[in-house]
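What follows is one structure encoded as structure tokens, with my remarks underneath.
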There are 2 protein chains.
Amino acid sequence: MSKELVFGHQKPDTDAITAAMAFSYFENELGYETEAVALGEPNDETKYALNYFNMEAPRVVKTVANETDKVMLVDHNEPQQSAADIDQVTVTHLVDHHRIANFNTAQPLWITARPYGCVSTIITELFQEKHIEIPANLAGMMMSAIISDTLLLKSPTTTDHDGEALKYLAKVAGVEDYEAYGIEMLKAGTNLAAKSDADIVDGDAKTFELGDAKLRIGQVNTVDLDDVFSRQADLEKTMQQLNDENGYDTFILIATNILNSDSDLLVVGGNTEKVEQAFGKKLGDNHRMNLPGVVSRKKQVVPPLTDVFEG
Amino acid sequence: MSKELVFGHQKPDTDAITAAMAFSYFENELGYETEAVALGEPNDETKYALNYFNMEAPRVVKTVANETDKVMLVDHNEPQQSAADIDQVTVTHLVDHHRIANFNTAQPLWITARPYGCVSTIITELFQEKHIEIPANLAGMMMSAIISDTLLLKSPTTTDHDGEALKYLAKVAGVEDYEAYGIEMLKAGTNLAAKSDADIVDGDAKTFELGDAKLRIGQVNTVDLDDVFSRQADLEKTMQQLNDENGYDTFILIATNILNSDSDLLVVGGNTEKVEQAFGKKLGDNHRMNLPGVVSRKKQVVPPLTDVFEG
């Protein structure tokens with residue numbers, strides 16, 4: 001039998017990469033034969049963490065059915081966020097912290113979903129429940145994933161479980177000041193000068209089918225919103241181009257200041273009135289709206305959009 | 001805040017009733033305020049177990065949104081097997097051992113799904129993982145649910161987890177000979193003489209939308225297939241009537257001999273060729289086919305039908 005592949009969503013962030021590595025390790029300890037892979041290259045933040053903890057990035061794949069018939073999904077369940085040929089393989093395990101959408105199986109399977117800030121937190125608890133030790137460098141990556149997903153426990157998606165797991169993992173990893181490490185890691189992921197326009201708008205983007213509309217929602221973290229919007233005209237051009245090429249009705253870019261936890265939305269395409277309705281706010285002539293305290297796509301952006309587009 | 005309601009599928013069997021009772025108890029121990037309810041009256045088998053362990057059946061409800069806005073589902077996830085107004089409430093927890101189908105949520109939630117023979121086995125492990133004690137009479141019900149779903153560990157859906165949980169629960173419940181108890185309980189559920197034709201064909205039936213077809217699949221356990229098929233003409237009339245009233249394309253009744261683990265399928269309605277293709281066998285002039293070793297609707301009947309109807 002070929003190995004089962006374990007992977008997170010397309011355009012992987014630190015949690016998508018790390019959760020695959022951690023869950024693959026966990027399942028191998030239980031006796032499965034698995035390999036962690038990724039549906040894309042690690043981003044700058046993830047590279048910083050991998051380098052710090054001296055670990056290798058998982059092999060990048062685009063399709064999976066060519067090498068296995070069984071897979072384990074982490075950090076996503078919606079088919080359009082998964083491998084291109086996900087419909088040709090059997091999902092045997094899922095670990096996730098997102099809503100469930102269009103995830104249908106022919107057979108019963110293993111699912112552990114918990115409404116936490118980070119999948120690596122769920123996997124930390126799975127290790128604890130089974131009394132399996134986490135290697136120090138893997139614990140460092142899992143700690144990094146929690147810092148990334150919760151913006152150092154400041155995102156509203158953060159739960160007590162994330163805080164406890166973060167502190168536990170820091171100890172296992174031998175990291176004394178996880179806040180100092182976390183700020184350096186988050187900054188490493190916000191070097192926008194080196195990024196192309198497409199990287200900024202689409203590097204962390206996900207597609208959402210809400211009602212009849214196909215929305216693309218990207219997010220970029222920064223320590224200064226001007227680093228994003230000094231390039232606004234070029235970013236809008238790229239967003240329009242991606243809309244045209246991929247049939248997105250609306251492209252929304254969430255530009256998040258990770259130091260003060262505010263975001264600006266930049267909206268290109270149709271449905272602007274619905275977006276305004278979702279947040280109870282008008283878009284400016286510059287196609288932007290400021291949303292103080294909004295840092296979470298999953299918890300603060302997608303739900304109000306879902307209410308309006310599917311309401 | 002009103003209590004969260006916890007419930008299993010329509011036409012509840014022993015596991016649907018018991019898993020709701022057990023998961024409600026478990027979540028209350030964790031600090032939630034929940035009440036176990038049921039989407040129907042207990043069947044004769046469940047009544048036997050409730051009586052034996054001196055427990056009350058959960059309150060029966062048809063709708064839930066009139067008394068709560070949050071629910072926990074056990075032993076089902078497909079909306080058409082749930083409360084009539086399930087789309088009007090938020091599912092916060094799901095514990096299940098079925099395939100996932102058309103289960104979509106707006107928000108992240110708690111899911112524990114494991115491909116075991118019985119949901120009460122999963123819940124037993126949840127109690128163990130959290131080091132929470134199971135009261136003796138509740139353990140007796142959970143033991144009964146495992147016996148029911150796995151036909152005393154003989155069904156092909158049975159896993160090692162079910163066997164271990166069954167033995168553990170028997171000890172907690174103080175039942176020395178769980179096999180002797182189990183045979184009496186299963187027999188109590190097969191008193192067909194006292195049942196109406198509608199009870200036999202539809203009492204444990206579920207609806208499956210496979211491809212473009214709407215199938216109703218019922219199952220009846222017996223210790224003698226003649227007890228079922230001596231009434232075949234009347235049963236077929238009832239199945240045809242239920243097809244007409246509810247828009248089912250095909251009604252399949254699985255009559256299972258629990259002593260020798262064989263089943264006869266009785267098929268009324270269209271798609272008979274697809275049913276024959278699914279099992280590689282012709283229906284007799286009596287609209288029946290014998291399937292030796294087949295006792296599980298979920299594992300041995302629905303999957304081959306799904307392959308053909310959706311293939």
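The values are calculated or read from the model by the stated rules, or taken from the named source; none is laboratory data. Since the structure is predicted, the reported quantities are computational estimates derived from the model, not experimental observations. Because the Cβ atoms are built from the backbone with ideal geometry, glycine has one as well, and the counts that use them run over all protein chains shown. Protein only, heavy atoms only, side chains kept; ligands, DNA and RNA dropped before computing areas. Shrake-Rupley method; radii C 1.70, N 1.55, O 1.52, S 1.80 Å.
Below is a table of values for the structure above.
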{"quantity": "Matching residues, segment A:145-190, being closer than 16 Å to A:Thr18 by Cα, out of contact with any Cys (no Cβ under 7 Å at 6 or more places or on another chain) and among the small types (Gly, Ala, Ser)", "calculated": "A:Ser148, A:Ala165, A:Ala170, A:Ala173, A:Gly182, A:Gly189"}
{"quantity": "Where A:Glu276 falls short, out of the listed (1) at pLDDT 95 or above; (2) within 19 Å of A:Asp202 (Cα to Cα); (3) assigned to a helix (DSSP H, G or I); (4) more than 14 Å from chain B (Cβ to nearest Cβ)", "calculated": "(2)"}
{"quantity": "Filter result (touching a helix residue (DSSP H, G or I) at 6+ places or on another chain (Cβ under 7 Å) and either open to solvent by less than 30 Å² (accessible area, probe 1.4 Å) or among the hydroxyl-bearing types (Ser, Thr, Tyr) (or both)) within segment B:189-214", "calculated": "B:Gly189, B:Leu192, B:Ile200, B:Val201, B:Asp202, B:Lys206, B:Thr207, B:Phe208, B:Leu210, B:Ala213"}
{"quantity": "Qualifying position, being under 27 Å from B:Glu179 (Cα atoms) and either open to solvent by 30 Å² or more (accessible area, probe 1.4 Å) or hydroxyl-bearing (Ser, Thr, Tyr) (or both), among B:Asn246, B:Asn260, B:Asn271, B:Asn286", "calculated": "B:Asn260"}
{"quantity": "So A:Thr105, is it away from every other protein chain (no Cβ under 14 Å) and polar (S, T, N, Q)", "calculated": "no"}
{"quantity": "Qualifying positions in segment A:52-96 - within 14 Å of chain B (Cβ to nearest Cβ), open to solvent by 10 Å² or more (accessible area, probe 1.4 Å) and closer than 20 Å to A:Ser144 by Cβ", "calculated": "none"}
{"quantity": "Index of the failed condition, A:Ala101 passing every other in (1) free of Cβ contacts under 8 Å to residues at least 24 places away in the same chain; (2) in a loop (DSSP other than H, G, I, E, B); (3) hydrophobic (A, V, I, L, M, F, W, C); (4) surrounded by fewer than 22 Cβ atoms within 10 Å (Cβ to Cβ)", "calculated": "(1)"}
{"quantity": "Within segment B:32-44, tally of residues that are touching an Asp or Glu at 6+ places or on another chain (Cβ under 8 Å), open to solvent by less than 60 Å² (accessible area, probe 1.4 Å) and modelled with pLDDT of 95 or more", "calculated": "2"}
{"quantity": "Every pair of residues 6+ apart whose Cβ atoms lie under 8 Å, when the first sits in segment B:108-137 and is within 10 Å of chain A (Cβ to nearest Cβ) and among the basic types (Lys, Arg) while the second is open to solvent by less than 20 Å² (accessible area, probe 1.4 Å) and part of a helix (DSSP H, G or I)", "calculated": "B:Arg114/B:Thr121; B:Arg114/B:Ile122; B:Lys130/B:Phe26"}
